[in-house]
Amino acid sequence: MIKPVADYILIEPIEKDGALIMPETSKEVPTEGKVVSMGMKLSLSINPTDRGFPTVLNEGDVVIYKKWEGTEVEDKGKKYILIQEEHILATKE
């Protein structure tokens, strides 16, 4: 299992059945995924020189994140995204 470090979060992307058509002027299409694992559970995105503050995310949360951010990784045949918390836009209930 992949265990993120620092403020990185391991996300399992959620596949959508239908395609989303966006205008050409749109540069990013947010994507959804499920939080699988987290690093030190501190957000460092506000001030990298600070010690950070506790994250509001939990393992199992469904999040919306920027499509072109993060690094694709694979573990035991499953694809994941390793992304910093600052690139997560929202949680979904």
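The values are calculated or read from the model by the stated rules, or taken from the named source; none is laboratory data. Note that the structure is a prediction, hence the values are computed from the model and not measured. Cβ coordinates were reconstructed from backbone atoms using ideal geometry, including for glycine residues, and neighbour counts include every protein chain displayed. Accessible surface is based on the protein model in full, side chains and every heavy atom, while ligands, DNA and RNA are left aside. Shrake-Rupley method; radii C 1.70, N 1.55, O 1.52, S 1.80 Å.
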## Note on the structure
Amide H neighbours of V36 at under 5 Å, excluding residues fewer than 5 places away on the same chain, with H built from the backbone geometry, are L10, I11, E12, G60
### Task
Using the Cα centre as the reference, give the magnitude of the dipole from point charges on the C-beta atoms of the range 52-93 (Lys, Arg: +1; Asp, Glu: -1; all else neutral), rounded to the nearest 20 debye.
180
### Exposure ranking of D7, D61 by accessible area [1.4 Å probe, largest first]
D61, D7
